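J.: Please find one structure pasted underneath; my questions will follow.
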Amino acid sequence: MTTPLPQLVILASGSGSTFDYLLHSSLKGLLRAKIVSLVVNKPNTGAMSIALNHNIPAFEINKKNFSNESSWDLEMCQKVTPFQPDLIILAGFNQLLGPLFLAQFKGKVMNIHPSLLPHFGGKGMYGNHIHKAVIESKVKKSGITIHWVSEHYDDGPIIAQKEVLIENNETVSSLEQKIKLQEKQFYVEIINKILIK
Ligand code: GRF
């Protein structure tokens with residue numbers, strides 16, 4: 001009898017390129033887990049289209065449609081719980097999670113951030129803003145951080161980091177490209193490591 005694969009629920013807000021990479025890595029057996037569901041927090045995300053094309057149960061849970069924070073938090077828990085995730089993977093999810101959700105899935109929620117946290121993280125530090133701040137600060141290296149998720153942006157214990165060196169002629173977009181080229185594969189590697197612990 002084969003052992004069932006660990007189950008992942010993915011949370012995303014954007015283009016879904018990270019979700020797409022994780023999904024294809026899983027289908028190829030490179031990510032040793034099964035993606036069982038996707039939750040997005042706004043309409044018309046790339047991630048939602050990808051999930052629907054692959055028959056992955058996907059939900060849009062938009063905080064704006066709830067009258068208060070706790071009913072949204074409860075709905076997040078109620079949608080995700082039946083999938084019995086071993087890990088919940090944030091893949092470009094741009095919203096803080098609620099206290100109920102974080103308590104329910106304590107020690108199971110991971111995020112990836114394209115800088116060396118605790119530097120260049122926190123509210124407003126997303127996409128190009130991160131790489132612009134890095135270049136302007138004249139630091140010699142940036143990188144990728146994978147961390148457990150807490151109630152604050154880009155906070156929580158660091159699981160793994162990878163450095164990316166900054167060249168003399170580095171631009172915001174060249175740095176962004178360099179990090180994008182490495183971060184998804186790094187995410188797969190670290191998720192696999194966490195799952196076998
Ligand atoms: C990635 O750069 C990731 O590090 C950050 O959000 C971005 C997600 O991109 N947390 P995408 O929406 O998956 O293309």
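J.: It is to be established whether one or more residues within segment 42-49 are within 16 Å of the ligand (Cβ to nearest atom), of a type in the set (Val, Ile, Thr) and either over 18 Å from residue 191 (Cβ atoms) or surrounded by fewer than 22 Cβ atoms within 10 Å (Cβ to Cβ) (or both).
T.: Among the residues of segment 42-49, at least one is within 16 Å of the ligand (Cβ to nearest atom), of a type in the set (Val, Ile, Thr) and either over 18 Å from residue 191 (Cβ atoms) or surrounded by fewer than 22 Cβ atoms within 10 Å (Cβ to Cβ) (or both), which makes the answer yes.
J.: So is residue 194 more than 13 Å from the ligand (Cβ to nearest atom) and touching a strand residue (DSSP E or B) at 6+ places or on another chain (Cβ under 9 Å) or not?
T.: Yes: the conditions hold for residue 194.
J.: Just to be sure before I move on: is residue 94 crowded, with 21+ Cβ neighbours inside 10 Å and either among the polar types (S, T, N, Q) or more than 18 Å from residue 194 (Cβ to Cβ) (or both) in the structure I sent?
T.: no
J.: Is at least one residue of segment 6-19 under 19 Å from residue 104 (Cα atoms), of a type in the set (Val, Ile, Thr) and surrounded by 16 or more Cβ atoms within 10 Å (Cβ to Cβ)?
T.: Looking through segment 6-19, at least one residue is under 19 Å from residue 104 (Cα atoms), of a type in the set (Val, Ile, Thr) and surrounded by 16 or more Cβ atoms within 10 Å (Cβ to Cβ).
J.: Further question: Would you be able to tell me the number of residues in segment 23-41 that are free of Cβ contacts under 8 Å to residues at least 24 places away in the same chain and crowded, with 17+ Cβ neighbours inside 10 Å?
T.: 1
J.: Considering only residues that are over 19 Å from residue 91 (Cβ atoms) and in contact (Cβ under 8 Å) with a residue 12 or more places away in the chain, look in segment 124-136 and name the one that is surrounded by the most Cβ atoms within 10 Å (Cβ to Cβ).
T.: 134
J.: Sticking with this structure for a sec: For residue 111, indicate whether it is touching a residue at least 24 places away in the same chain (Cβ under 8 Å), near the ligand (Cβ under 9 Å from one of its atoms), open to solvent by 40 Å² or more (accessible area, probe 1.4 Å) and not in a helix (DSSP H, G or I).
T.: Taking the combined requirement at face value, the residue does not satisfy it.
J.: Assess whether residue 163 counts as being closer than 23 Å to residue 187 by Cα, within 16 Å of the chain's Cα centre (by Cα) and more than 12 Å from the ligand (Cβ to nearest atom).
T.: So residue 163 does not fit the description; no.
J.: Which residues, taken from segment 60-104, are of a type outside the set (S, T, N, Q), within 16 Å of the ligand (Cβ to nearest atom) and part of a loop (DSSP other than H, G, I, E, B)?
T.: 91, 92, 93, 96, 97
J.: Against the condition touching a residue at least 24 places away in the same chain (Cβ under 8 Å) and outside any strand (DSSP E or B), how does residue 182 come out, does it pass?
T.: yes
J.: What's the number of the only condition in (1) free of Cβ contacts under 8 Å to residues at least 40 places away in the same chain; (2) touching a strand residue (DSSP E or B) at 6+ places or on another chain (Cβ under 7 Å); (3) not aromatic (Phe, Trp, Tyr) that residue 55 fails to meet?
T.: (2)
The values are calculated or read from the model by the stated rules, or taken from the named source; none is laboratory data. All values derive from a computational prediction rather than experimental measurement. Note: ideal-geometry Cβ built from the backbone for every residue, glycine included; neighbour counts use all protein chains shown. Ligands, DNA and RNA are excluded from the accessible area calculation, which covers all protein heavy atoms including side chains. Shrake-Rupley method; radii C 1.70, N 1.55, O 1.52, S 1.80 Å.
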